1. Applying the selection to region 39-94, what residues are touching a helix residue (DSSP H, G or I) at 6+ places or on another chain (Cβ under 9 Å) and on the phi > 0 side of the Ramachandran plot?
2. Hey, can you tell me all the residues within region 47-58 that are loosely packed, with under 12 Cβ neighbours inside 10 Å and not polar (S, T, N, Q)?
3. Regarding GLU4, is this residue in a helix (DSSP H, G or I), loosely packed, with under 10 Cβ neighbours inside 10 Å and among the charged types (D, E, K, R)?
4. Looking only at region 35-54, count how many residues are small (Gly, Ala, Ser) and either at pLDDT below 90 or outside any helix (DSSP H, G or I) (or both).
5. For region 70-94, name all the residues that are in a loop (DSSP other than H, G, I, E, B), loosely packed, with under 10 Cβ neighbours inside 10 Å and among the aliphatic types (A, V, I, L, M).
6. How many residues does region 59-83 hold that are under 11 Å from PHE93 (Cα atoms) and under 33 Å from the mean Cα position of the chain (by Cα)?
Amino acid sequence: MVLEQKYTEQSRTIEQLIQMVHELNLELRNTVYLLLAIMLVAGAETFMFIANHISKGLISLRNTIMEVEASDDLSRIATIGTSDEVDSLAAAFN
């Protein structure tokens, strides 16, 4: 009877440990999903920032080219002011 009681107590302890491991696994999985979602949003925001930064300069250059084309005023100067490839393109246009 004593052995049976000890076996039952150990079985309960093992079941409790297994339950704790399952709960920790669930918490870890939820944390990983949350981190993935945060990284996805941060990546999308970074992409949008870079895309807007590049397209803003290109749109400005396009508008200047359209103004030159419409008015035949070749003295128009495209100013971007970003010190990147788009600014180099505007300098080459000028």
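1. GLY81
2. Initially, region 47-58 is screened for residues loosely packed, with under 12 Cβ neighbours inside 10 Å, giving 47-52.
Scanning region 47-58 gives PHE47, MET48, PHE49, ILE50, ALA51.
3. Values: in a helix (DSSP H, G or I): yes; loosely packed, with under 10 Cβ neighbours inside 10 Å: yes; among the charged types (D, E, K, R): yes.
So GLU4 fits the description; yes.
4. As a first pass, look at region 35-54 and keep what is small (Gly, Ala, Ser): 37, 42-44, 51.
Next cut, either at pLDDT below 90 or outside any helix (DSSP H, G or I) (or both) only: none.
Total meeting the criteria: 0.
5. LEU74, the sole residue that qualifies.
6. Going through region 59-83 one residue at a time, the tally reaches 5.
The values are calculated or read from the model by the stated rules, or taken from the named source; none is laboratory data. As the structure is a computational prediction, the values presented were derived from the model and not from experiment. Positions of Cβ are generated from backbone atoms using ideal geometry, with glycine treated the same way; all protein chains shown enter the neighbour counts.
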